[in-house]
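Let me begin by presenting the structure, written as structure tokens, before commenting on it.
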Amino acid sequence: MKNLIMGMLLTALPLSAFAVNINVTNVVCTIPGGSVSTPGTPCYQMDQAIKGEINGDIPRVSIDKYGSGVANTTALSMKGQGSDYAENFTYFIFKPSLGFAVDGDIDKPESASGFGVGGALTVGLNLDMLPFDKIGSIEMKNLDIFLSFMNYDLDQTQDDTAFNGELSSFGVFARYRFMEGKDIFPGYMLEWGGVHLHTGLQRNTMGLKLTQSFKDQTVTAGGETATFGNSSAVFNIDSSVTSIPIEISTYLRMLYVFTLYTGAGFDYNMGSTDIDLTASGSVASTGYSADINANEGGSGKPEATNFRGFLGLQFNVPLVRLYVHVNKGLGNDLKGVNFGAKITY
């Protein structure tokens, strides 16, 4: 699973994910034919090429807005992991899962306002096992409780990028089937699962340190090749969000193998994200030398309320269930997906 998480992070968090510029300062250029302030000259070409190399496709948002985007997506990455939407199980359910969310387009990192990653191990129990059948009008056979948790350390290096960090989550949920399902055609050929109400509390934290090394990398422009010295940039994210979701869902099981479910949710979110970027080093060629540096920080909070729709598909294979769950914020650019396996009885 660690390689899968790292693949997600490398997709979402290249150096281009930085929400501020890494600066090029103390520039000295003696390449013949102009200066760094004159467009088109060799010095200008080298200066622009170096800035492009260290900054990549910078998101067009402030670091505070990026912090808010990370907070929003940290919360959304967990939605769908702490409850269940495709089973009326009799005794218990066990579900490992992993989720990812982005504020913007995943295929356009320069336009994204944030990302979030979260995972959980979820255990659910049907309360029909209790020695009483009802509490008031609440029937125990229709009530499920879920406990989810995870704590996962990240420590990996890939090419010139080093990751250190930790993902953790904790959640408590309840699900109540207030409208009974129906077998439309027997043998699970077509079954309606009824209507469920879900609510609970989910806390998700994401602490990441990304170190990007430029040491010995080269840039060719203006007729020369410049080489970075002992240069690097460090990007830190510390995000912690608590969310209270209220959801309604329903599902159809078809041809035994497939279960399609859908629903809508309202989330009340609390928390914050702190972000900082530091960089230092130097770069030089025969006729060009400069320092690189950055020391920026900011913070953001999630939107207090979020409305979303969700859709999921489950494959019912012997012994286990495999599923994928998609969330989409309503009235915003929040998108999320989580997937996992389930054992039910």
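The values are calculated or read from the model by the stated rules, or taken from the named source; none is laboratory data. Source: prediction; values computed, not measured. Don't worry about glycine lacking a Cβ; one is built from the backbone with ideal geometry, like all the others, and counts go over all protein chains shown.
Quick notes on this structure:
- One residue from SER299, SER289, SER249 being of a type in the set (Ser, Thr, Tyr) and closer than 30 Å to GLU166 by Cβ: SER299
- For SER169, the criteria (1) closer than 29 Å to GLY114 by Cα; (2) free of Cβ contacts under 8 Å to residues at least 40 places away in the same chain; (3) touching a Phe, Trp or Tyr at 6+ places or on another chain (Cβ under 8 Å) hold in every case but one, which is (2).
- In the set VAL70, VAL61, only one residue is at pLDDT 90 or above and among the hydrophobic types (A, V, I, L, M, F, W, C); that residue is VAL70.
- All of ASP103, ASP64, ASP84, ASP133 fail the test of being of a type in the set (D, E, K, R) and under 12 Å from the mean Cα position of the chain (by Cα), apart from ASP103.
- Leading residue by the ranking (nearest to GLN48 (Cα to Cα)) among those in the stretch 187-228 that are in a strand (DSSP E or B) and small (Gly, Ala, Ser): ALA221
Table: residues versus (1) under 27 Å from ARG177 (Cβ atoms); (2) touching a Pro at 6+ places or on another chain (Cβ under 8 Å); (3) surrounded by fewer than 22 Cβ atoms within 10 Å (Cβ to Cβ).
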site	(1), (2), (3)
SER249	yes, no, no
MET254	yes, no, yes
ALA264	yes, no, yes
ASN269	yes, yes, yes
ILE292	no, no, no
GLY336	yes, no, no
TYR345	yes, no, yes
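- Which listed residue, of SER289, SER299, is closer than 18 Å to LYS209 by Cβ, touching a residue at least 60 places away in the same chain (Cβ under 8 Å), among the polar types (S, T, N, Q) and out of contact with any Cys (no Cβ under 6 Å at 6 or more places or on another chain): SER299
- Count - residues of the stretch 318-334 that are surrounded by 19 or more Cβ atoms within 10 Å (Cβ to Cβ) and touching an Asp or Glu at 6+ places or on another chain (Cβ under 6 Å): 1
- The lone criterion from (1) at pLDDT 90 or above; (2) in contact with a Ser or Thr (Cβ under 8 Å, 6 or more places away or on another chain) left unmet by TYR91 is number (2).
- Screening the stretch 271-286 for residues that are buried (at least 18 other Cβ atoms within 10 Å of the Cβ) and more than 19 Å from the chain's Cα centre (by Cα) and picking the one that is farthest from GLY336 (Cα to Cα) gives SER285.
- GLY207 in contact (Cβ under 8 Å) with a residue 24 or more places away in the chain and at positive phi: no
- Residue tally, condition crowded, with 17+ Cβ neighbours inside 10 Å, free of Cβ contacts under 8 Å to residues at least 60 places away in the same chain and within 30 Å of PRO39 (Cβ to Cβ), over the stretch 229-247: 1
- Verdict on TYR66 being in contact (Cβ under 8 Å) with a residue 24 or more places away in the chain and within 30 Å of ASP238 (Cα to Cα): yes
- When the stretch 137-164 is filtered for residues that are of a type outside the set (A, V, I, L, M), free of Cβ contacts under 8 Å to residues at least 60 places away in the same chain and in a strand (DSSP E or B), the ones remaining, listed by number, are GLU139, PHE149, ASN151, ASP153, ASP155, THR157, ASN164.
- Some residue of the stretch 305-317 being exposed (fewer than 13 other Cβ atoms within 10 Å of the Cβ) and polar (S, T, N, Q): yes
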